[in-house]
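For reference, the structure is listed below as structure tokens.
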Amino acid sequence: MIAAFDTFKPHTFVDAFRFMADNPGLMWQKTVEHLQISGEAMGIALLIAIPLGVWLGHFHRGSFISINLANIGRALPSLAVIAIGLGIFGIGTTNVVFALVVLAFPLMLTNAYVAVDNIDPDVIESARGMGMRPHQILLRIELPLALPLIFAGIKTAAVFVVATATLGGIVGGGGLGDIIVNQASYFLRGVVAASIAVAALSFAANFAVAVLQRAVTPRPLRKGLRSIEPDVSTGVADAATA
């Protein structure tokens, strides 16, 4: 019956905003859940991928690992990861967070590796000539120069994670996906309202990371930030623009 009568019409977007106004408590609760799931996944991926990628890039090792992880992450559907995770984590938030970590980790790892690995060798040699130790070179030279490219990967991962977290509704993971997959209860206006909210959160995540990226990037490098954008098919930025 819903499929027959609850179909998209020109005024559906108006109804969607009315749904938001009529159900502020529901929209707020699901938005907070959505942000919590996305934040947990991003936090875990950051803690693992960035240090590992920087370390591999510093020693110029692990290109095979980082490149292949990026390829696997691009090819592996998050829905398939969630389906596999059902046998391990069961139904709930943990399964969704795991799938989102799998999605974000390769993007961050590869960009962090490429960012550090492709720093001009002459710069490193100059630092060594000045008597700087390896850890000083990493912290004072390599990391500041690599930040724009590292944040390009984080920004892409953040948008992907926020958008993909909607799959949590399929396995009872919470978030705005609960509304999107439950048209029987919330009707099309609710589905569209939640979808608009997810799109807004994705734009907000992109903007927030971009602002943070600019804030932590050394002033001389800020001029080229706009040119450091990851390839949409791989999520990996071109190191030549750094």
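For segment 166-202, give me the residue count where each residue is over 13 Å from I82 (Cβ atoms) and part of a helix (DSSP H, G or I). Number satisfying all stated conditions: 23. Considering only residues in segment 179-204 that are of a type in the set (F, W, Y) and in contact with a helix residue (DSSP H, G or I) (Cβ under 8 Å, 6 or more places away or on another chain), the one that is least open to solvent (accessible area, probe 1.4 Å) turns out to be Y186. Just for segment 44-83: of the residues that are within 18 Å of Y113 (Cα to Cα), of a type in the set (G, A, S) and in a helix (DSSP H, G or I), which one is nearest to the chain's Cα centre (by Cα)? In this case the residue turns out to be A45. Scan segment 158-170 and give yes if some residue there is farther than 22 Å from K30 by Cα and either under 18 Å from the mean Cα position of the chain (by Cα) or surrounded by 16 or more Cβ atoms within 10 Å (Cβ to Cβ) (or both), otherwise no. Checked against the condition, which is being farther than 22 Å from K30 by Cα and either under 18 Å from the mean Cα position of the chain (by Cα) or surrounded by 16 or more Cβ atoms within 10 Å (Cβ to Cβ) (or both), segment 158-170 yields no hits at all.
When R133, R140, R61 are screened for being open to solvent by 70 Å² or more (accessible area, probe 1.4 Å) and in contact with a helix residue (DSSP H, G or I) (Cβ under 8 Å, 6 or more places away or on another chain), only R140 passes.
When restricted to residues that are closer than 14 Å to I65 by Cβ and either of a type in the set (G, A, S) or within 18 Å of the chain's Cα centre (by Cα) (or both), segment 112-127 contains 3. Would it be correct to say that F98 is closer than 21 Å to G43 by Cα and open to solvent by 40 Å² or more (accessible area, probe 1.4 Å)? The answer is yes for F98. Between N118, N111, the distinction of being touching a residue at least 40 places away in the same chain (Cβ under 8 Å), polar (S, T, N, Q) and surrounded by fewer than 20 Cβ atoms within 10 Å (Cβ to Cβ) belongs to N118 only.
The values are calculated or read from the model by the stated rules, or taken from the named source; none is laboratory data. All figures in this text were calculated on a predicted structure; none of them were measured in a lab. A quick note on method: Cβ atoms are made from the backbone with ideal geometry, for glycine too, and the neighbour counts reach across all protein chains shown. Each accessible area value is taken on the protein alone, full model and side chains, heavy atoms only, with ligands, DNA and RNA left out. Shrake-Rupley method; radii C 1.70, N 1.55, O 1.52, S 1.80 Å.
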